[in-house]
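Report on the structure given below.
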Ligand code: TYD
Ligand code: MG
């Protein structure tokens, strides 16, 4: 006889307690405990990867093996995964609803020429077929399974022996041995553990889709992120075309990779030359626009920063920012007030990063400040100038990482000038076509640009 037991779990971090608690002792979040029934079933097998008992071995004596990786047709994805997917690894794809998680994995399932089992707990097979028809089915060996029971899924997976197993989504699965609802901490954890065991024992890579919570983290315990080998985050604005796919964890590669996709009527396409697309190419001179040379991951990216400054219509001036940290904007405005006589208290400021992209690269600071000043004075910044510097509290320009690649990208895209910090000037490569202007303070930049 199995014993039914219940316990309380923190929905933030997965901490287990025998009674309800107001505050989690582990992650300090308030009011996060939910009761979940758990059944201690003695028939549930304990973890083991094969029969062999493991024993400690000297590191030099461990057999070296050239890691085999499955390559996809989608080059962008191969790069993101550090050169392909490692057999037996588990990948978690997170992102907001409607961003294209299901589309991306379905696209892989139906365009790669290998046997794939696509399990969906969210859509029926007919709905998936409709979506697949839009993208175009190229794979003869893609199986669909609309199912949420983990045992059934594992049985079919063992029978079909796919080369890739896709689960959409981990929050819809349930294990019949547990009584708690699908999506609860214990279900998510147990289902992931079993899929992990399946992946390791059969060498099948498993791709999981994970929902995210309001604050953008993957729903379910952090444990989930610890359990999987790779975490990919899909970012971007679903009303815009562009989607950024970022590796936030990768046991088999670097986490600095970034893929840029475009959502078309026929699925997602990797964007080869994002900078050109992100910048409005017409040559009109408009005020309030500045080009930032940013780096996302390892990838240099030119982005357009747009600002609108107008007299405050109501008593309290409004500050609004899309794609850029609002606190950072306020700080920059305060610096501008002190250094450049920008009258903060009587102006509304709206800031937007074009293309629906979010940036957190500090090198965007200078372009933000210049866009604000340009809109305020209604003077256009020549379209041939790019900016790359962080701004300190006293208005000084600070050095940024990977300056060479920023300069090289701006040069490649035909910019004539790039304004950077004076610090690190010695390290600059000489004889470039682009003119690199080194400034020490924001006032110098203003003089340089507006004369
Ligand atoms: P979806 O992949 O279901 O997002 P998620 O699984 O992350 O919730 O939805 C992607 C959105 O993209 C959806 O609103 C429909 C749209 N879409 C296209 O624009 N083109 C396409 O070819 C497809 C399949 C979807
Ligand atoms: Mg979906």
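The values are calculated or read from the model by the stated rules, or taken from the named source; none is laboratory data. Note that the coordinates shown come from a computational prediction; the quantities given were computed from them, not determined experimentally. Because the Cβ atoms are built from the backbone with ideal geometry, glycine has one as well, and the counts that use them run over all protein chains shown.
Figures for the structure shown
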| read-out | value |
| --- | --- |
| Matching entry among 183, 176 (being within 16 Å of ligand 1 (Cβ to nearest atom) and in a loop (DSSP other than H, G, I, E, B)) | 183 |
| Qualifying positions in the range 86-125 - under 19 Å from the mean Cα position of the chain (by Cα), more than 10 Å from ligand 1 (Cβ to nearest atom) and closer than 22 Å to residue 159 by Cβ | 90, 108 |
| All positions within the range 63-119 that are outside any loop (DSSP other than H, G, I, E, B), at pLDDT below 90 and more than 14 Å from ligand 2 (Cβ to nearest atom) | 70, 75, 76, 77, 78, 79, 80 |
| Positions within the range 120-173 being free of Cβ contacts under 8 Å to residues at least 12 places away in the same chain and either within 14 Å of ligand 2 (Cβ to nearest atom) or surrounded by 14 or more Cβ atoms within 10 Å (Cβ to Cβ) (or both), in sequence order | 127, 130 |
| Any hit, the range 268-290, residues being within 16 Å of ligand 2 (Cβ to nearest atom) and either at positive phi or assigned to a loop (DSSP other than H, G, I, E, B) (or both) | no |
| Residue in the range 57-79 that is more than 25 Å from residue 236 (Cα to Cα), crowded, with 19+ Cβ neighbours inside 10 Å and within 28 Å of the chain's Cα centre (by Cα) present | no |
| Those residues of the range 394-451 which are part of a loop (DSSP other than H, G, I, E, B) and over 28 Å from residue 276 (Cβ atoms), in sequence order | 394, 395, 422, 423, 440, 451 |
| Selected residue [in contact with a strand residue (DSSP E or B) (Cβ under 6 Å, 6 or more places away or on another chain) and modelled with pLDDT under 80] from 16, 12, 36 | 36 |
| Residue 249 vs. criteria away from ligand 2 (no atom under 16 Å from the Cβ), surrounded by fewer than 20 Cβ atoms within 10 Å (Cβ to Cβ) and within 30 Å of residue 185 (Cβ to Cβ) | yes |
